[in-house]
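All remarks here apply to the structure that follows.
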Amino acid sequence: MPDQLDRKFIEKVPYAEINNQSHYIPHFGVFKDSATTPLRIVYDCSCKTPAGVSLNDCLEIGPPLQNDMLAILLFFRVHTIGLTADIEKAFHQIGLHEQDRDFVRFLWLKDPLDPKSDFESFRFRVIPFGASSSPFILLSVIKKHLQASSSPLAADINRNIYVDNLISGCETTEEAMDYYLETNSVLKQAGLKLQSWGSNDSHLTARANSEGVSD
């Protein structure tokens, strides 16, 4: 929670705004064997309110923008060298309009070690993972940025990205290293960072390991 506050993903709701029209999202923790995110907080935007509807029931989902997974995997198998990565905390890189933030509030214990301590109110400053509209918003931002780029590699990323996962490949070690460097550069211009790189090329794997962004 302090990390999310430091990164400005969330903010504490000022006391004067506590009684404003708002919606609170229930949440729970999921533990996973992961080097980057061993504990993920899952926000249940599909939880029904006493009125019988959830936050997700009230959101415009938008048209599906995801690429076809079968096509991505078939293209991936054609290459001699396979490359995979994902965008670090992708959903949390997209800002949320101030007028919408009170509908993605949540409660947190003031002292997590004391279950009897008071609750504090927080709200997202970014789009939350779990909201039905978030995948469309994220992909709209990514695709708009990639389509505006003059880099030929941007077209490859646009074709081979699935939500926040990049699955592509090339034929030589030199191409793999160029791909690694240029994709990072292209997405960095949009404030997005690739992490969890995986490859069957030992040189790229060693480079990713040395920079702390390997799977």
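The values are calculated or read from the model by the stated rules, or taken from the named source; none is laboratory data. Computed from a prediction, not measured in an experiment: that's the story for all the values here. Reconstructed Cβ throughout: ideal geometry from the backbone, glycine too, with neighbour counts over all protein chains shown. Accessible surface areas use protein heavy atoms only, side chains included; no ligands, DNA or RNA. Shrake-Rupley method; radii C 1.70, N 1.55, O 1.52, S 1.80 Å.
Could you please put R101, R40, R77 in sequence from largest to smallest accessible area, using a 1.4 Å probe?
Numbers: R101 30, R40 105, R77 195 Å².
In descending accessible area the options line up as R77, R40, R101.
What value, in deg cm²/dmol to 500, does the helix sum -39500 (n - 2.57) over DSSP H runs of n ≥ 4 give at 222 nm once divided by the residues of the chain?
Working: 6 runs with 64 residues, N = 215.
Taking each H run of at least 4 residues, the total per residue is -9000 deg cm²/dmol.
When the C-alpha to C-alpha distance is required to be over 21 Å, the pairs from K143/K188; K144/K193; K89/K188; K32/K116 that qualify are K32/K116.
Accessible surface area normalised per residue over the chain is 59 Å², counting heavy atoms of protein chains with a 1.4 Å rolling probe.
Answer rounded, prolate or oblate for segment 65-135, using the Cα gyration tensor with square roots of eigenvalues a ≥ b ≥ c: rounded when a/c is under 1.5, else prolate when a/b is larger than b/c, else oblate. The shape class here is prolate. Distance between the modelled labels on V30 and E60, one decimal in nanometres: 2.8 nm (7 Å Cα→Cβ projection). Straight Cα distances below 12 angstrom link K48 to the aspartates and glutamates D57, with same-chain residues fewer than 8 positions distant left out.
Heavy-atom accessible surface of D68, to the nearest 10 Å², is about 100 Å², with a 1.4 Å probe and all protein chains retained. Treating the angle as unsigned and between 0 and 90°, give the value, to the nearest 10°, between the Cα long axis of helix 134-148 and the longest Cα principal axis of the chain. Here the helix axis deviates by roughly 40 degrees. Sparse packing (at most 13 other Cβ atoms within 10 Å of the Cβ) combined with a DSSP loop state is found for the following GluC sites (Glu not before Pro) in segment 171-215: E171, E211. Averaging the sequence gap over all C-alpha pairs within less than 8 Å and six or more residues apart, then dividing by the number of residues, gives segment 64-171 a relative contact order of 44 percent. Between the listed residues N184, V13, A131, the Cα displaced farthest toward the positive end of the dipole of the chain, a dipole computed from Cβ unit charges relative to the Cα centre, is found at V13.
The string of couplings for segment 197-210 from the Karplus curve (6.51, -1.76, 1.60, θ = phi - 60°) is 5, x, 6, 8, 9, 5, 5, 5, 4, 5, 5, 4, 4, 5 Hz, one whole number per residue in order, with x for Gly and Pro.
Remark: relative contact order (the chain) = 26 percent; criterion is Cα-Cα distance under 8 angstrom and separation of 6 or more residues.
Sparsely packed loop sites in segment 1-87 (the GluC sites (Glu not before Pro) outside DSSP H, G, I, E and B with at most 12 other Cβ atoms within 10 Å) comprise E60. Taking the Cα centre of the chain as reference, the dipole from Cβ charges on Lys and Arg (+1) and Asp and Glu (-1) amounts to some 400 debye.
Distances between placed amide hydrogens fall under 5 Å for L166 paired with A85, D86, I87, all partners being 5 or more residues away or on another chain.
Axis of helix 173-188 versus longest Cα principal axis of the chain: the two differ by about 30°, to the nearest ten degrees.
If you take the alpha carbon atoms of segment 1-126 and fit the smallest convex hull around them, that volume is 172 Å³ per residue. Accessible area per residue was computed with a 1.4 Å probe on protein heavy atoms; V30 scores about 60 Å². Out of these labelled values of Kirkwood radius over Cα pairs in Å, [x] 18.2; [y] 24.8; [z] 19.2, which was calculated from the coordinates shown here? Matching entry in [x] 18.2; [y] 24.8; [z] 19.2: [z].
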